[in-house]
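The values are calculated or read from the model by the stated rules, or taken from the named source; none is laboratory data. All of these numbers come straight from a predicted model, not from anything done at the bench. Ideal geometry is used to build each Cβ from the backbone, glycine not excepted, and the neighbour counts take in all protein chains shown.
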Amino acid sequence: MERVDCVVVGAGVIGLAIAREMALQGRETILLERESAFGTVSSARNSEVIHAGIYYPKDSLKAKLCVEGNRLLYEYCRSHQVATQPYGKLIVATDETQLNDLQAILYKAQNNHVPVIKIISGEEAKLLEPQLQCEAAILSSSTGIVDSHGFMLSLLGGFEDAGGMVAYQSPLMSAKPIGENAKDGFELEIGGADGMKLHTKILINCAGMSAPAVAQKIAGLPQQYIPKAYFAKGNYFSLSGKSPFSHLIYPIPEPGGLGVHLTLDMGGQAKFGPDVQWLEIDNEYQVDYTVDPKRGEGFYEAVRRYWPQLKDGTLQPDYSGVRAKIVPPNTPAGDFCFNGPRDHELQGLFNLYGFESPGLTSSLAIAKHLEGQIKSSL
């Protein structure tokens, strides 16, 4: 049986960042991915936004790791030649009833130490974006877009350069703790064409939407430490023709998401979304990623509140993604959940649950935070 220091499950952006950090720390690390390539599920189905850390509750992990992750991500991309576009973002109050909400968002952002952020008047917003309709707006200058595939490819290269190995089409079938409270590590059974067994001291589950299902395969892990997975689909519609906006445009947030907002890709093409569509399913294999064209009717209505000139027939169904949620509909958004030995008492086991947005932005900070947890638990 092959023995390694660390096994990471899931080669999305967070799994890649964590695996790279583990390898850079000198640990012999294997990254398991059930698909035939990295970053093909949630990491390939998002808006690629580099978030500033505005919306999250003070002292939450999302707030802390997003603000830190924003800085680390821009620094990393500069030094590793990964493309970014620092477009900046406008969060708009479309009528006077939303001005208090806008002020509350700014207050939250300031509490989270978000840099370069301020409220501007509707007139100032129109100078920046002539087709924008709003009473006032928050201008966030540290919000931008990253080439997420290029970023993941760079993380993978860094991981492999540090001696790490990726095993594709290799799902985790089972994990069995060895010794009392897994003091001697875990014996893993890996699926795939060849199959294999591994012995590892550290097991990190960052399988995104599948993290609760992967946790069910770990023997000896008490059920109370495995949350139920909920699935909130986000649909995107692309805008035909040239974008009239040079900033990302966001409305006041809605329950479960940030409202139907306008984002730009690396080439400046505009898309709208995601909306929030809760799915009544039991596991991610039941997800239908098809975008229903009828949902476009709601998009037109939402977008015209801040862009009245949007013409009929200019939005096309594009793609969709699903948020990895561990809280049900109509409840406050959950925080990132690092479930480690201090919780379940299995040494060397770390389950990461609820790592939805801003997971991409926070990925490098998440990896450093987890490394700190590992060092303190050894």
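Structural remarks
- All conditions but one from (1) touching a strand residue (DSSP E or B) at 6+ places or on another chain (Cβ under 8 Å); (2) free of Cβ contacts under 8 Å to residues at least 12 places away in the same chain; (3) not assigned by TED's automatic domain parsing to the domain that holds Met266; (4) not aromatic (Phe, Trp, Tyr) apply to Glu33; the one that does not is (2).
- The residue pairs whose first member lies in the range 143-158 and is on the phi > 0 side of the Ramachandran plot and buried (at least 19 other Cβ atoms within 10 Å of the Cβ), whose second member is at pLDDT 95 or above and basic (Lys, Arg), and whose beta carbons are closer than 6 Å, counting only pairs six or more residues apart or on different chains, do not exist in this structure.
- Figure legend. Inter-residue proximity from the range 45-60: first residues not assigned by TED's automatic domain parsing to the domain that holds Ala104 and buried (at least 24 other Cβ atoms within 10 Å of the Cβ), second residues assigned to a loop (DSSP other than H, G, I, E, B) and among the β-branched types (Val, Ile, Thr), beta-carbon distance below 6 Å, spacing 6+ or different chains. Indicated pairs: Ala52/Val114; Ala52/Thr143; Gly53/Val114; Ile54/Val114.
Table: residues versus (1) closer than 25 Å to Tyr168 by Cα; (2) surrounded by fewer than 19 Cβ atoms within 10 Å (Cβ to Cβ); (3) touching a Ser or Thr at 6+ places or on another chain (Cβ under 6 Å).
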| site | (1), (2), (3) |
| --- | --- |
| Asp194 | yes, yes, no |
| Met209 | yes, no, no |
| Ile218 | yes, no, no |
| Pro222 | no, yes, no |
| Tyr230 | no, no, no |
| Gly241 | no, yes, no |
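- Every residue from the range 62-81 that is among the charged types (D, E, K, R) and surrounded by fewer than 18 Cβ atoms within 10 Å (Cβ to Cβ): Arg71, Glu75, Arg78
- The one condition in (1) at pLDDT 95 or above; (2) touching a Gly at 6+ places or on another chain (Cβ under 8 Å) that Ser47 fails to fulfil: (1)
A quick yes/no check of all residues on (1) in the same structural domain as Lys368 (by TED's automatic domain parsing); (2) under 26 Å from Leu221 (Cβ atoms); (3) out of contact with any Gly (no Cβ under 6 Å at 6 or more places or on another chain); (4) modelled with pLDDT of 95 or more:
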| position | (1), (2), (3), (4) |
| --- | --- |
| Tyr107 | no, no, yes, yes |
| Lys118 | no, no, yes, yes |
| Gly122 | no, no, yes, yes |
| Leu156 | yes, no, yes, yes |
| Met173 | yes, yes, no, yes |
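- Residue match in the range 124-141 (condition: within 30 Å of Val287 (Cβ to Cβ), touching a residue at least 40 places away in the same chain (Cβ under 8 Å) and crowded, with 17+ Cβ neighbours inside 10 Å): no
- All told, Ile14 meets the bar of being under 14 Å from the mean Cα position of the chain (by Cα), of a type outside the set (Asp, Glu) and assigned to a helix (DSSP H, G or I).
- Listed by first and then second residue, the pairs with beta-carbon distance under 8 Å, at least 6 apart or on different chains, first residue in the range 292-305 and more than 12 Å from Phe237 (Cα to Cα), second part of a loop (DSSP other than H, G, I, E, B), are Ala302/Pro251; Ala302/Gly259; Ala302/Val260; Ala302/Asp275; Arg304/Leu310; Arg305/Thr94; Arg305/Gln133; Arg305/Pro251.
- Some residue of the range 248-268 being within 28 Å of Gly150 (Cβ to Cβ), surrounded by 15 or more Cβ atoms within 10 Å (Cβ to Cβ) and of a type in the set (S, T, N, Q): yes
- Residue that is nearest to Gly241 (Cα to Cα) [pool: residues in the range 271-280 that are touching a strand residue (DSSP E or B) at 6+ places or on another chain (Cβ under 8 Å) and outside any strand (DSSP E or B)]: Gly273
- Verdict on Asp101 being out of contact with any Asp or Glu (no Cβ under 8 Å at 6 or more places or on another chain) and more than 16 Å from Val49 (Cβ to Cβ): yes
- Residue selected from the range 35-63 under the condition among the basic types (Lys, Arg) and touching a helix residue (DSSP H, G or I) at 6+ places or on another chain (Cβ under 8 Å), by the criterion farthest from Ile366 (Cα to Cα): Lys58
Here is a yes/no grid of residues against (1) touching a residue at least 60 places away in the same chain (Cβ under 8 Å); (2) of a type in the set (S, T, N, Q); (3) within 30 Å of Trp278 (Cα to Cα):
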position: Pro177; (1), (2), (3): yes, no, no
position: Asn181; (1), (2), (3): yes, yes, no
position: Phe186; (1), (2), (3): yes, no, no
position: Gly220; (1), (2), (3): yes, no, no
position: Gln224; (1), (2), (3): no, yes, yes
position: Ala232; (1), (2), (3): yes, no, yes
position: Leu239; (1), (2), (3): yes, no, yes
